[in-house]
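Enquirer: Following this message is one structure expressed as structure tokens.
The values are calculated or read from the model by the stated rules, or taken from the named source; none is laboratory data. These numbers come from a predicted model, not from an experiment. For neighbour counting, all protein chains shown are included, and Cβ atoms are generated from backbone atoms with ideal geometry for every residue, glycine included. Heads up: the accessible areas ignore ligands, DNA and RNA and are worked out on the full protein's heavy atoms, side chains in. Shrake-Rupley method; radii C 1.70, N 1.55, O 1.52, S 1.80 Å.
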Amino acid sequence: MNRHQFVSAAGVVLAGAMFLNTQVAAQILRIGEMNTQQIQALDLAKTVVLIPGGILEEHGPYLPSYTDGYADDAYTRELAEAIVARPGWTVVVFPQIPLGNDPANTIGQKTVFPGSYPVRMATLRAIYMDLATELGDQGFRWIFLIHNHGAPNNHKALNQASDYFHDVYGGTMVHLFGLKPVFMCCGSKDKVLSTKQLAEEGFSVHAGADEQSQLLFLRPEFVPATYRSAPSLRGANFADLVRIAKAEGWPGYFGAPRLATAAMGALEFTRSSQNLNAMALQILDGLDSRKILRYADEMDPLNVVGEAAELEHEQTIEKRELDWLIRNKIQ
């Protein structure tokens, strides 16, 4: 092949790649950029609405409060591309909703903590039920929620909103990370860390080596170099985490953030994203998600106690808000 032929062939390949990328981009739409005619023109039988979530939740001194949201945004991008790789399918992405319930500081019965800005479980459920109503009334059939915050009451609120959409509109709305096979995947630190390092990490559910690693991979600009000297806070079980989090001066994390690496984060994100995408595609193919075990269906007894206490606190907040409305004659 002479130079002219090589350049011409390269140009054809580049043009083809650009055409395919343009096709994919055209199939991934953002609802905030669409007008009424564009929305009405959608084939709703083959349109999937993705609603990325996230919670503003303290993650200690070595991660930003929107750690979950940054991960959910990345998961949403990967899922959108996996769906539109199927001929004829379109994805409509909603703006990210930065709201969640029950941040990790409540494990230690600390209801106020810098970096945590939750909404009540009833509020979160109502927001997603309202969106489900609007989407259902407009005829949308497929909705996936991408919200990886792990608190059981957060899971329950999104599961309940999803069940409402199914029961009232006959469509499919799934809180993907609420499904146990999705939420419990993929344990990459067990493959990367040594036995000694795993012992140092211990039982960690928040801002430990794995979550620190994921953000090192996704958004390293938000990770201060001081994480490398972070003291480890090891627990063997949930009871230990409660004890650690109740302590005066608890910094807001568990485990051993200092063991984090971007490579471990890349491995975990890739495996988790592939697992999430595979589950979503199976659901589009007819798998009944309501027959899959949900993470919030199985809870540590101490966690159950903690969730109940948090709901009592939320009821106190609701009463204070309602009393103010009544005093001011606001309906």
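Enquirer: Quick one: which residues, 5 or more positions from Arg294 or on another chain, have an amide H under 5 Å from its amide H? H modelled 1.01 Å from N in the peptide plane, none for Pro or chain starts.
Expert: Lys180
Enquirer: Which percentage, to the nearest 5, of the DSSP beta bridges contained in the chain is antiparallel? The partial results should precede the final answer.
Expert: Working: 2 of 19 bridges.
Restricted to the chain, the bridges split so that about 10 percent are antiparallel.
Enquirer: For Cα pairs less than 8 Å apart in space and 6+ apart in sequence, what is the mean separation divided by the residue count of the chain, i.e. the relative contact order in percent? Intermediate values should be presented prior to the final figure.
Expert: Values: 530 pairs, mean separation 63.2, N = 331.
It comes to 19 percent, rounded to a whole number.
Enquirer: So, with a 1.4 angstrom probe, what is the percent of accessible area on the chain that is carbon and sulfur?
Expert: Values: 9340 of 16420 Å².
Carbon-and-sulfur percentage of accessible area, whole number: 57.
Enquirer: Among Val119, Pro98, Gln197, flag the residue with its Cα farthest along the positive direction of the charge dipole of the range 77-205, charges on Cβ as +1 for Lys/Arg and -1 for Asp/Glu.
Expert: Going by the charge dipole, the pick is Gln197.
Enquirer: Post the alpha-carbon centroid distance, the range 131-145 to the range 29-76, in whole angstrom.
Expert: Their Cα centres are 15 Å away from one another.
Enquirer: For Ser194, what accessible surface area do you get with a 1.4 Å probe? Give it in Å², rounded to 10.
Expert: Per-residue accessible area (Ser194): approximately 50 Å².
Enquirer: Cα centroids of the range 281-308 and the range 217-266: how far apart, whole angstrom?
Expert: 26 Å
Enquirer: I'm a student and want to see the number: the projected area of the Cα convex hull of the range 192-251, averaged over all directions, in nm².
Expert: On the way: hull surface 18.6 nm².
Computing the convex hull of the Cα atoms and averaging its projections yields 4.6 nm².
Enquirer: A follow-up question, please. Once the whole set of protein chains is in place, how much accessible area is left on Glu81, using a 1.4 Å probe, in Å² to the nearest 10?
Expert: 100 Å²
Enquirer: Based on the mean of other beta carbon atoms within 10 Å per residue, what is the order of 53-61, 265-273, 111-119, most packed first?
Expert: Top to bottom by mean Cβ count within 10 Å: 53-61, 265-273, 111-119.
Enquirer: Could you pull the accessible area for Met264 with a 1.4 Å probe, rounded to 10 Å²?
Expert: Its heavy atoms expose roughly 10 Å² to the probe.
Enquirer: What translational diffusion coefficient, in µm²/s and rounded to a whole number, does the Stokes-Einstein relation yield for the range 21-91 at 20 °C and a viscosity of 1.002 mPa s, taking the hydrodynamic radius as the Kirkwood radius over Cα pairs? It would help to have the intermediate numbers written out before the result.
Expert: Details: Rh = 13.8 Å.
Here the translational diffusion coefficient equals 155 µm²/s.
Enquirer: Would you grab the residues whose amide H sits under 5 Å from the one on Ile143? Only those 5+ places off in sequence or on another chain, please, with H modelled 1.01 Å from N.
Expert: HN-HN under 5 Å from Ile143: Val49, Thr172, Met173, Val174.
Enquirer: Tell me which label goes with the value of Cα extents along the principal axes in Å computed from the coordinates here: (1) 72, 56, 38; (2) 85, 52, 32; (3) 60, 46, 34.
Expert: Label of the calculated value: (1).
Enquirer: Let me spell out the model: positive unit charges on the Cβ of Lys and Arg, negative unit charges on the Cβ of Asp and Glu, origin at the Cα centre of the range 37-100. What dipole size does that give, in debye rounded to 20? Write out the running numbers ahead of the final one.
Expert: Working: 3 positive and 8 negative charges, 70 e Å.
It comes to approximately 340 debye.
Enquirer: What does the charge dipole of the chain about its Cα centre add up to, to the nearest 20 debye, if the Cβ of each Lys and Arg holds +1 and the Cβ of each Asp and Glu holds -1? Write down the numbers at each step before the final one.
Expert: Details: 28 positive and 36 negative charges, 122 e Å.
Taking the Cα centre of the chain as origin, the dipole is about 580 debye.
Enquirer: For the range 304-321, in order, what is each residue's ³J(HN,Hα) by Karplus, 6.51 cos²θ - 1.76 cosθ + 1.60 with θ = phi - 60°, in whole Hz (x at glycine and Pro)?
Expert: Computed from phi, the couplings for the range 304-321 are 4, 4, x, 5, 5, 5, 5, 5, 4, 4, 5, 5, 5, 5, 4, 5, 4, 5 Hz.
Enquirer: Here is a further query. For the chain, report the accessible area per residue in Å² (1.4 Å probe, heavy atoms, rounded to an integer).
Expert: Value returned for the chain: 50 Å² of accessible area per residue.
Enquirer: Still on this structure, I have one more. Can you run phi through the Karplus equation (6.51, -1.76, 1.60; θ = phi - 60°) for the range 292-297 and list ³J(HN,Hα) in whole Hz, with x for Gly and Pro?
Expert: Once θ is set to phi - 60°, the couplings for the range 292-297 become 8, 4, 9, 4, 6, 6 Hz.
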